[in-house]
Amino acid sequence: MSGRSGTASGRLHRVSLLTWIAVGSLVAWGWLLLGQGGFWRTDVRLPPRPDDEPGQRPPEERARGDEPETWPSVAVVVPARDEAGVLPVSLASLLAQDYPGPAEILLVDDGSTDGTGRLARELADRTEGGLPLTVTSPGEPEPGWTGKLWAVRHGIALARTREPAPEYLLLTDADIAHAPDSLRELVAAARASGLDLVSQMARLRVATFWERLIVPAFVYFFAQLYPFRRVNRPRARTAAAAGGCVLLRDAAALHARVPESIRHAVIDDVALARAVKRGGGRIWLGLAERVDSVRPYPGLGELWRMVSRSAYAQLLHSPVLLLGTVAGLAVVYLAPPACLLGGALYENGAAAAAGGAAWAVMAGTYAPMLRYYRQPLWLAPLLPFTAALYLLMTVHSAVQHYRGRGAAWKGRTYSRPRRVPEEQFDPVDSGRPDPANPR
């Protein structure tokens, strides 16, 4: 008799625990849905001109009368390390920019071994009437600098020696392709809205099965961490940018002392946005329509390395934050399908209902991102599986860190950054992963 009682008690305990987990997950999704800045929305696009109605007139249909009478000078700074494979598309798109004002491309060859600099010059020579190109090299980074920021520093310093000095800096990665009017639209939006930083999250390549499964979720998770609408509120503390495409007013860069103040940042784009916003600058972040990443990640291995090399940096290399992240991912993303199946198995209607409802909310918030990436909606219920992969990537990132391999990019490995003395620079933490800036 006591054995039957114990069995019943154990079953009741499992049912009760399952119910609490399912309800907890549903509550978490309710909070995300209502209190996380509408993170699932994908209608945050380049700011409209003053005489545009919201959602009306795409950039290519806007009248030239909407544009500034005098176009400011722009320096396009492109850090590049072993990027010969993508330059024929990305650099060609920059050379072909239709920009009415003075503009120059400064490609900073960051120790490439594949002929990146030579190819860049050849592409410029073959482009008639394109923007002028200068290829330069900064040498190896000084201690305390990441390779990309060292290259950006060199490019910005060179730009400031030009006449006229640039009013704006377009910081863009070597794997980003721009539509011909991209620079024109960025500058017009910045001038019309009085913005110090305008950043568009480039649309990443989605061609293979693994890219379809992982890439839209990557942007979805980023938006959940940094809701774009909240980032764009001047009084909100949330700040973020997408490093693949950042138009930055040079005066704001000088005021925020970037890139020097963030020279150690592995995830430099969020650190940059935070530094500008802390300095009183106005920033804007949204999804791009005409800016695309051309870097392929055809297999799971490439995507795994892209995520894991910087995932632990987002957690400030903290074991406590790692444990909290793993627990949070499990409750928010893995629990709903588990509770639905467990509730059906143990005939627990409450757990099944709560788990199913949480899973439905999850899939519903993911659907807009799938539509933005032009992917089938049947991928939405697979988000828990994708989240499980991200959980494993994050743990792998921590393991790599403690093995001394840290964040790595093209032959360089960055350990945990040392704290920057406050009397020299404002400390800005290393930020969080950026799908448009895997460097």
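The values are calculated or read from the model by the stated rules, or taken from the named source; none is laboratory data. Keep in mind that what you see is a predicted model, and the values were worked out from it rather than measured. Neighbour counts run over all protein chains shown; Cβ positions are idealised from the backbone, glycine included. When the accessible area is computed, the model is the full protein with side chains, heavy atoms only, and any ligands, DNA or RNA have been set aside. Shrake-Rupley method; radii C 1.70, N 1.55, O 1.52, S 1.80 Å.
Tabulated data for the structure shown
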quantity	calculated
Those strands (runs of 3 or more DSSP E) lying entirely in region 173-257 with at least 3 residues among the hydrophobic types (A, V, I, L, M, F, W, C)	197-203, 245-249
Region 302-320, subset touching a residue at least 12 places away in the same chain (Cβ under 8 Å) and not in a helix (DSSP H, G or I), residue surrounded by the fewest Cβ atoms within 10 Å (Cβ to Cβ)	Leu316
Selected residue (only one of Ala335, Ala327, Ala363 is without any contact (Cβ under 8 Å) to a residue 12 or more places away in the chain, among the small types (Gly, Ala, Ser) and under 20 Å from Leu32 (Cβ atoms))	Ala327
Top-ranked residue of region 126-136 - restricted to ones that are assigned to a loop (DSSP other than H, G, I, E, B) and modelled with pLDDT under 95, ranked as surrounded by the most Cβ atoms within 10 Å (Cβ to Cβ)	Gly130
Residues that are buried (at least 18 other Cβ atoms within 10 Å of the Cβ), basic (Lys, Arg) and more than 18 Å from the chain's Cα centre (by Cα), drawn from region 137-185	Arg153, Arg184
Residues satisfying the stated conditions in region 270-292, i.e. assigned to a helix (DSSP H, G or I) and touching a Phe, Trp or Tyr at 6+ places or on another chain (Cβ under 8 Å)	Val270
Subset of region 321-355 that is among the β-branched types (Val, Ile, Thr) and either over 27 Å from the mean Cα position of the chain (by Cα) or farther than 21 Å from Val270 by Cβ (or both) - its residue that is surrounded by the most Cβ atoms within 10 Å (Cβ to Cβ)	Val332
Test: residue in region 184-192 that is touching a Lys or Arg at 6+ places or on another chain (Cβ under 6 Å) and under 26 Å from His264 (Cβ atoms)	no
Checking Arg295 against (1) open to solvent by 40 Å² or more (accessible area, probe 1.4 Å); (2) outside any helix (DSSP H, G or I); (3) of a type in the set (D, E, K, R), the condition it does not meet	(1)
Hits in region 258-269 - residues which are assigned to a helix (DSSP H, G or I), touching a helix residue (DSSP H, G or I) at 6+ places or on another chain (Cβ under 9 Å) and buried (at least 24 other Cβ atoms within 10 Å of the Cβ)	Ile262, Asp268
Residue within region 185-192 that is of a type in the set (A, V, I, L, M) and touching a Gly at 6+ places or on another chain (Cβ under 9 Å) present	yes
Test: residue in region 369-380 that is free of Cβ contacts under 8 Å to residues at least 24 places away in the same chain, surrounded by 15 or more Cβ atoms within 10 Å (Cβ to Cβ) and not in a loop (DSSP other than H, G, I, E, B)	yes
